[in-house]
Amino acid sequence: NAAIGIVGGGQLGRMLALSAARLGYRIVVLDPNRHCAAAQVANEIIVGAYDDAGALAELASRVAVVTYEFENVAVDPMRRIAETVPVLPPPHALEVSQDRVVEKAFLNGIGVATAEWRAVDDVQELDHAFQDLGGDCILKTRRFGYDGKGQATIRQRSPHAEAFASLGGVSSILEKKVPFDFELSVVAARGADGAIAAFDPAENVHSLGILRTSTVPGRITPELAHAAQAVAARILEHLDYVGVIGVEFFATDGGLVVNEIAPRVHNSGHWTEAACTVSQFEQHIRAVAGRPLGSPARHADCVMENLIGAEIEQALDRLAEPDTVVHVYGKGDAKPGRKMGHVTRLHRRDR
Ligand code: ATP
Ligand code: MG
Ligand code: MG
């Protein structure tokens, strides 16, 4: 049977592997940790760094297509293996989404609104950018940030030098703070044939930079949903994309503003496993395997809640709740702030 390679064996790789297994695909995962979350599900684990050219070449030699579960995979080694095996989503999507400056320039270039921003490489540039943008801002590292790590709020009187140093003094971006009503995201897929299927957008609540809940439809009107899905489709087409993408937005008085894009399945799409016939994980496997996309239709309203750190200890107690789907990632160490599982509660229309 055909085999699919996944770079990264965290919870997203694990959930992709679960969906792929159900369709009969063999799964080979590359991860530095033999006991990664995906290990319980994958047929084979290649132990190696994500950017190790030898390990990637070995992965490529064993599978029919290579995909990835996170956006910080080094682009050059991925381009190299793309000469021997399809790499989907295309490496260009990695290149765009792993650097916040390249990402915002791309989005603005295709007519998609973002926060106002300036690239910042030292404290002087930070001072100038702050004067230029005027008002509260957020300083973020250009690369490697996730779950709100690598960010600092910049106000008029805050010591800019300290903020810059607190991020490690690396190449950064200063973004104007967006006064949003709420946050939402679209998880959408593009198939090998160019077909696009977007799930309904979710309203997202973050705390301390980490996603807490995704609610569908939440406060999202049908008009706003269509507008957000149209932006996602525009991004997919411009990247000549194949696979699932996550697009994060701010809803503001002036309309939709994109926060960031993720070239992979997305935490705010985990509800699809409970409320859709085809989950985001199966949809991604279908796309990269060259199969038809499934319908993104939703059969229930729902709320997905992340289980973070020690919250995982009560996960199985939630099985007593009605219309509830519990998902445990099987990660060993329930460190504070670590995503350990999630629970989706359905609110069925026939009740
Ligand atoms: P993720 O885990 O989603 O990849 P991340 O570390 O890449 O997160 P962002 O999504 O850039 O971080 O920011 C995290 C959260 O911080 C956002 O969801 C939003 O709540 C807030 N935030 C980020 N940028 C802005 C902005 N320009 N204006 C207002 N709020 C912002
Ligand atoms: Mg991010
Ligand atoms: Mg984000």
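The values are calculated or read from the model by the stated rules, or taken from the named source; none is laboratory data. None of these values were measured; they are calculated from a predicted model. Note that we place each Cβ from the backbone using ideal geometry, even for glycine, and neighbour counts take in every protein chain shown.
Residues considered: PHE250, PHE164, PHE199. Of these, the only one that is outside the structural domain of GLN283 (by TED's automatic domain parsing), aromatic (Phe, Trp, Tyr) and either surrounded by fewer than 23 Cβ atoms within 10 Å (Cβ to Cβ) or more than 13 Å from ligand 3 (Cβ to nearest atom) (or both) is PHE164. Scanning the range 147-160 for residues that are surrounded by 13 or more Cβ atoms within 10 Å (Cβ to Cβ) and at negative phi, we see that the one that is nearest to the chain's Cα centre (by Cα) is LYS149.
Strands (runs of 3 or more DSSP E) fully within the range 166-226 that include at least 1 residues being touching a Ser or Thr at 6+ places or on another chain (Cβ under 8 Å) and within 16 Å of ligand 2 (Cβ to nearest atom): 172-176, 182-190, 202-207, 210-216. Residue count for the range 38-56 under the criterion of being aliphatic (A, V, I, L, M) and over 20 Å from ALA21 (Cα atoms): the result is 5.
Considering the range 202-220, and only residues there that are more than 30 Å from PRO292 (Cα to Cα) and of a type in the set (Gly, Ala, Ser), the residue that is surrounded by the fewest Cβ atoms within 10 Å (Cβ to Cβ) turns out to be SER207.
Okay, residues lined up against (1) closer than 14 Å to ILE235 by Cβ; (2) surrounded by fewer than 17 Cβ atoms within 10 Å (Cβ to Cβ); (3) touching a residue at least 12 places away in the same chain (Cβ under 8 Å):
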| site | (1), (2), (3) |
| --- | --- |
| ALA93 | yes, no, yes |
| PHE106 | yes, no, yes |
| GLY109 | yes, yes, no |
| ALA113 | yes, no, yes |
| VAL120 | no, no, yes |
| VAL123 | no, yes, yes |
| GLN131 | no, yes, no |
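Among the residues of the range 295-351, those that are part of a helix (DSSP H, G or I), acidic (Asp, Glu) and more than 19 Å from SER214 (Cβ to Cβ) comprise GLU313, ASP317. Checked against the criterion of being assigned to a strand (DSSP E or B), in contact with an Asp or Glu (Cβ under 8 Å, 6 or more places away or on another chain) and either surrounded by fewer than 22 Cβ atoms within 10 Å (Cβ to Cβ) or in contact (Cβ under 8 Å) with a residue 24 or more places away in the chain (or both), the range 271-282 contains not a single residue that satisfies it. A single entry from THR153, THR84 fulfils the requirement of being farther than 29 Å from PHE281 by Cα and either away from ligand 2 (no atom under 16 Å from the Cβ) or part of a loop (DSSP other than H, G, I, E, B) (or both): THR153. It is to be established whether one or more residues within the range 177-187 are more than 16 Å from ligand 3 (Cβ to nearest atom) and either in the same structural domain as GLY309 (by TED's automatic domain parsing) or touching a strand residue (DSSP E or B) at 6+ places or on another chain (Cβ under 9 Å) (or both). Yes.
Of everything in the range 112-148 that's more than 20 Å from ALA165 (Cβ to Cβ) and not small (Gly, Ala, Ser), which residue is nearest to ligand 2 (Cβ to nearest atom)? Only one residue fits best here, namely TYR146. Taking the range 221-247 as the range and being crowded, with 20+ Cβ neighbours inside 10 Å and either without any contact (Cβ under 8 Å) to a residue 12 or more places away in the chain or under 16 Å from PHE180 (Cβ atoms) (or both) as the test, the residues that pass are ALA228, VAL231, VAL247.
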